[in-house]
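To start, the structure under review is shown below, and the notes come after it.
The values are calculated or read from the model by the stated rules, or taken from the named source; none is laboratory data. The structure displayed is predicted, hence computed values, not measured ones. Glycine gets a Cβ as well: all are built from the backbone with ideal geometry, and neighbour counts include every protein chain shown.
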């Protein structure tokens, strides 16, 4: 049986929101972006929230938003890149749904982030090379959390059907 909540985890810029929307549509599930929930509640962008209230405040609001998703049903949730790495968030994600680790090459993420830097408060380098250096460091810190996901999908051309099939393979193997 497909879980009522599917949580997409992975690095900033890996495509959790884009893939999450497509996966939710494919599964006839609702879609929630955790950062959008927080921005809506706080009535400011995530970058502004970081700048004005700091990361500790943001992480507390992120945890609260995550906990609100535990009551949702038939929902795909795109988490923030750091969500699994704070408090007991990853443990709670695994307890309340199925975690799917979206793992794409850091070089692809670096190119995406270079084009949208104002949206990424923790990645502030100017060149793709500098962003890649920051990403490698961040990945090393975060991988132990992402690696706790029940399902991992890797590649350069991920799509909703591929992720959907991986989820079904996991469920079939673990019934």
Which number in (1) buried (at least 17 other Cβ atoms within 10 Å of the Cβ); (2) over 19 Å from residue 146 (Cβ atoms); (3) in contact with a strand residue (DSSP E or B) (Cβ under 9 Å, 6 or more places away or on another chain) marks the one condition that residue 74 misses?
(1)
Return the residues of the range 151-163 that are modelled with pLDDT of 95 or more and in contact with a helix residue (DSSP H, G or I) (Cβ under 6 Å, 6 or more places away or on another chain); say none if nothing qualifies.
151, 153, 163
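Can you work out which of the residues in the range 149-172 that are part of a loop (DSSP other than H, G, I, E, B) and in contact with a strand residue (DSSP E or B) (Cβ under 7 Å, 6 or more places away or on another chain) is surrounded by the most Cβ atoms within 10 Å (Cβ to Cβ)? Break it down stepwise before answering.
Restricting attention to the range 149-172, the residues satisfying the condition of being part of a loop (DSSP other than H, G, I, E, B) are 149-150, 155-159.
In the following step, the residues that additionally are in contact with a strand residue (DSSP E or B) (Cβ under 7 Å, 6 or more places away or on another chain) were identified as 149-150, 158.
Numbers: 149: 22, 150: 17, 158: 19.
For the range 149-172, the residue satisfying everything is 149.
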Which condition number does residue 32 fail, the rest of (1) part of a strand (DSSP E or B); (2) free of Cβ contacts under 8 Å to residues at least 60 places away in the same chain; (3) within 24 Å of residue 172 (Cα to Cα) being met?
(3)
Just to be sure before I move on: is residue 136 assigned to a helix (DSSP H, G or I), in contact with a helix residue (DSSP H, G or I) (Cβ under 8 Å, 6 or more places away or on another chain) and loosely packed, with under 14 Cβ neighbours inside 10 Å in the structure I sent?
yes
Just to verify a result, which residue in the range 103-121, among those that are under 16 Å from residue 45 (Cα atoms) and surrounded by fewer than 15 Cβ atoms within 10 Å (Cβ to Cβ), is modelled with the highest pLDDT?
116
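From the residues in the range 18-36 that are within 22 Å of residue 86 (Cβ to Cβ) and crowded, with 19+ Cβ neighbours inside 10 Å, which one is farthest from the chain's Cα centre (by Cα)? Before the answer, list the steps.
So the first thing to find is which residues in the range 18-36 are within 22 Å of residue 86 (Cβ to Cβ), and the list is 20, 32-36.
Still in the running and crowded, with 19+ Cβ neighbours inside 10 Å: 20, 32-35.
Numbers: 20: 9, 32: 11, 33: 8, 34: 8, 35: 9 Å.
Taking the candidates together, the pick is 32.
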Positions within the range 69-85 being out of contact with any helix residue (DSSP H, G or I) (no Cβ under 6 Å at 6 or more places or on another chain) and closer than 20 Å to residue 163 by Cα, in sequence order:
73, 74, 75, 81
Going residue by residue through the range 39-54, is there one that turns out to be part of a helix (DSSP H, G or I), at pLDDT 95 or above and closer than 21 Å to residue 150 by Cα?
no
